[in-house]
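The values are calculated or read from the model by the stated rules, or taken from the named source; none is laboratory data. Everything quoted here is computed from the prediction, not taken from an experiment. In this analysis, Cβ positions are derived from the backbone assuming ideal geometry, glycine residues included, and neighbour counts consider all displayed protein chains.
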Amino acid sequence: MQDLMLLAQDPAAWVALITLVVMEVVLGIDNLIFISILTNKLPSEHREKARRIGITLALVMRLALLGTVAWIVKLTTPVFEAFGHGFSWKDMILIAGGLFLVWKATKEIHHSVDPSDHGEDFIASSAINSFAAAIGQILLLDLVFSVDSIITAVGMTPHLPIMVIAVVAAVTVMLVAATPLANFIERNPTIVMLALAFLLMIGTTLIAEGMGLHVPKGYIYAAMAFSALVEVLNMVARNARLRKKEAGKLH
């Protein structure tokens with residue numbers, strides 16, 4: 001308790017906490033986009049429950065990983081070398097998660113372009129389009145994003161209480177934003193394609209990082225923000241044209 005009081009009085013600890021909360025929220029956006037797209041494929045009565053369970057599992061997984069920080073740090077130790085690069089368990093987890101995201105996003109883009117081809121649609125198949133299967137896929141990506149999130153947290157501060165508070169704050173933001181984001185994506189079909197493109201880019205980035213190619217996250221999120229802004233402008237323009245057309249019909 002005394003250590004916590006001393007930590008609370010340290011300005012550097014507060015700066016680290018605020019920085020880490022922002023970082024964890026930004027990293028959580030990737031996870032949230034995936035959860036939103038996946039749960040929107042479920043029957044409407046199961047969507048919100050699936051989002052809550054998926055995000056709660058993300059919190060549980062992050063807190064559990066924080067309890068094994070010493071083990072998590074070892075995940076960055078190379079276990080074998082190939083192509084002149086030492087691959088660690090973290091690298092292999094990122095590569096596997098990236099490949100899964102690229103495959104998932106590609107399948108969904110294919111289905112969006114050719115909705116008549118149900119045979120190739122991974123999510124829409126009856127075997128996969130179940131509540132349990134959706135939670136399983138969310139859990140798989142939660143693991144990938146949680147490992148990345150915790151290793152980022154460990155690299156930013158040595159204080160476990162700061163990490164715990166930052167993770168809880170970030171997941172709380174995800175929990176609050178999940179349903180509005182999913183509803184927004186569902187109401188705007190073009191946003192779905194944009195979100196899938198984001199997942200494709202995120203998956204490619206995870207693979208690149210797993211291969212030892214550092215991609216500054218700032219560039220990724222700046223590109224995502226710019227693309228989202230362009231899409232918002234397109235939506236505003238479409239709505240303006242629609243209102244003008246409807247007004248013309250009334251007159």
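Exactly one residue among T204, T152, T157 is at pLDDT 85 or above, surrounded by 15 or more Cβ atoms within 10 Å (Cβ to Cβ), among the hydroxyl-bearing types (S, T, Y) and under 24 Å from K90 (Cβ atoms), and that residue is T204. Against the test of being assigned to a helix (DSSP H, G or I), hydrophobic (A, V, I, L, M, F, W, C) and in contact with a Phe, Trp or Tyr (Cβ under 8 Å, 6 or more places away or on another chain), the options L32, L65, L27, L38 yield a single qualifying residue, L27.
The residues of region 89-104 that are among the small types (G, A, S) and within 17 Å of V215 (Cβ to Cβ), listed by number, are G97, G98. Based on what the data block shows, is A166 surrounded by 18 or more Cβ atoms within 10 Å (Cβ to Cβ), more than 16 Å from the chain's Cα centre (by Cα) and closer than 21 Å to R51 by Cα? So A166 fits the description; yes.
Restrict the check to region 125-144 and report whether at least one residue is among the polar types (S, T, N, Q) and at pLDDT 75 or above. Yes: region 125-144 contains one or more residues that are among the polar types (S, T, N, Q) and at pLDDT 75 or above. Name the residue that is farthest from the chain's Cα centre (by Cα), counting only residues in region 41-52 that are part of a helix (DSSP H, G or I) and surrounded by 18 or more Cβ atoms within 10 Å (Cβ to Cβ). So, considering only residues that are part of a helix (DSSP H, G or I) and surrounded by 18 or more Cβ atoms within 10 Å (Cβ to Cβ), the one farthest from the chain's Cα centre (by Cα) is R47. Take the conditions (1) aliphatic (A, V, I, L, M); (2) part of a helix (DSSP H, G or I); (3) surrounded by 10 or more Cβ atoms within 10 Å (Cβ to Cβ); V215 misses just one of them, which is (2).
Please go through region 47-91 and give me each residue that is among the hydroxyl-bearing types (S, T, Y) and either farther than 26 Å from P161 by Cβ or at pLDDT below 85 (or both), ordered by number.
The first filter runs over region 47-91 and keeps only residues among the hydroxyl-bearing types (S, T, Y), leaving 56, 68, 76-77, 88.
If the condition is that a residue be among the hydroxyl-bearing types (S, T, Y) and either farther than 26 Å from P161 by Cβ or at pLDDT below 85 (or both), then T68, T76, T77, S88 are the ones that fit.
In region 101-115, what count of residues is obtained for those that are out of contact with any Asp or Glu (no Cβ under 9 Å at 6 or more places or on another chain) and surrounded by fewer than 18 Cβ atoms within 10 Å (Cβ to Cβ)?
Filtering region 101-115 down to residues out of contact with any Asp or Glu (no Cβ under 9 Å at 6 or more places or on another chain) leaves 102-106, 109, 112-113.
Narrowing the set further to residues that are surrounded by fewer than 18 Cβ atoms within 10 Å (Cβ to Cβ) leaves 103, 106, 109, 112-113.
Of the residues in that region, 5 qualify.
Only one entry in L94, L99 is at pLDDT 85 or above and within 15 Å of the chain's Cα centre (by Cα), namely L99.
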